Amino acid sequence: MLPLSFEFFPPKTDEQRNQLDRTAAKLKSLSPEYVSVTFGAGGSTLSYTPETVGGLRRKHALQVAPHLSCVGGSRTEIGALLAQYRASGCRRLVALRGDLPSGMATPGEFRYASDLVGFIRAEHGDFFHIEVGAYPETHPQAEDALADLRHFKRKVDAGANGAITQYFYNPDAYFRFVDDASALGIDIPIVPGIMPISNFTQIRRFSEMCGAEIPRWMARRMQAYGDDVESIRSFAADAVAQLCERLIAQGVPGLHFYTLNLAKPTALVLERLGVR
Ligand code: FAD
């Protein structure tokens, strides 16, 4: 079966913790290869990620890959977290640059994710399996698409074992990106990141921030449903399942779902793909 992974964010309140517990319990039945937990994204403080990773391993016996972003962090802080993850038996990490919170001026000791990957390899050799981010529709801050590809290669040359892409709804962007990466000699698996949709306003906002394109035909259709949330979810589940079908038909190495800590939107897509 195609390897699946599910991404969660660290909950901050008891209500959010209970929701993540329910979501993890439901999605665990779909036998993911691993789940991952974001780091410092969306305003969460750094300490929530290790706690969430520990909880998912203890309560749900899942393989968990913590995300680790380096911007704004010091070698000492990041070194301590790596030691903590290593001691607790984590073997897989998602290594990122991250984005500086607004108002924070100093980038810290690492400028790019490639610096972080190099640091992890220098400190821990091959202990960790390292995933990095990749951008089929180009990272919003890149000088241009070709420079972004070259910067992606730096992460691979620094020691990344695999990549997970930013989400996209146009499979041709992914296929082209994988071909271009291969032409540059990049031979690590590039797993597509899949974002199921449960809220059109939210996905439009996310997409503007991270540079992902919602195709016009999808946006117009979801707009037309207005407040009819069930119709939006059902339409989006069909559209995202069709995207996954095209990706699977071309032999992708896995699918990584951005769950936003909700089980249903991801489960609906997988159900349409025959995974229950
Ligand atoms: P990098 O690979 O360092 O690239 C960042 C930018 O710098 C790009 O525009 C690149 O082209 C450019 N660049 C890279 N190297 C050079 C160089 N040597 N010279 C000039 N330019 C260069 N964010 C979080 O805060 N927490 C998370 O948990 C998180 N999880 C994510 C998971 C996935 C799968 C993905 C795809 C993204 C995630 N993000 C997360 C978002 C990510 O942190 C942002 O997209 C961030 O802006 C870039 O991170 P990166 O690791 O891709 O950076």
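The numbers here are math on the coordinates, done by the rules we state, and not lab data. These numbers were taken from a predicted model, which means no experiment stands behind them. Because the Cβ atoms are built from the backbone with ideal geometry, glycine has one as well, and the counts that use them run over all protein chains shown.
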Residue order, fewest to most surrounding Cβ atoms within 10 angstrom, among M195, M218, M1: M1, M218, M195
GluC sites (Glu not before Pro) within the stretch 190-233: DSSP coil, no more than 16 neighbouring Cβ in 10 Å: E213
Cut-off 15 Å, label 7 Å out along Cα→Cβ of Q242, residues of the stretch 142-179 by amide N: 169-172
May I ask you to sort Y112, Y85 by Cβ crowding, counting other Cβ atoms within 10 Å and putting the fewest first? Y112, Y85
Placing each pseudo-label 7 Å from Cα in the direction of the beta carbon, D14 and K28 end up separated by a distance in nanometres of 2.2
Exposure proxy check: D21, D115, D14 ranked by fewest other beta carbons within 10 Å? D14, D21, D115
Low-density loop positions, chymotrypsin sites (Phe, Trp or Tyr not before Pro), the stretch 219-276 - DSSP coil, at most 11 other Cβ in 10 Å: none
Rounded to the nearest 500 deg cm²/dmol, what is the calculated helix-only ellipticity per residue at 222 nm for the chain, with -39500 (n - 2.57) per DSSP H run of length n ≥ 4? -15000 deg cm²/dmol
Any idea how far apart Y225 and K153 come out in nm if each label point goes 7 Å out from Cα toward Cβ? 4.2
If I stretch the segment between Q202 and E77 completely, what's the gain in nm (0.36 nm per residue apart, minus their alpha carbon distance), one decimal? 41.7 nm
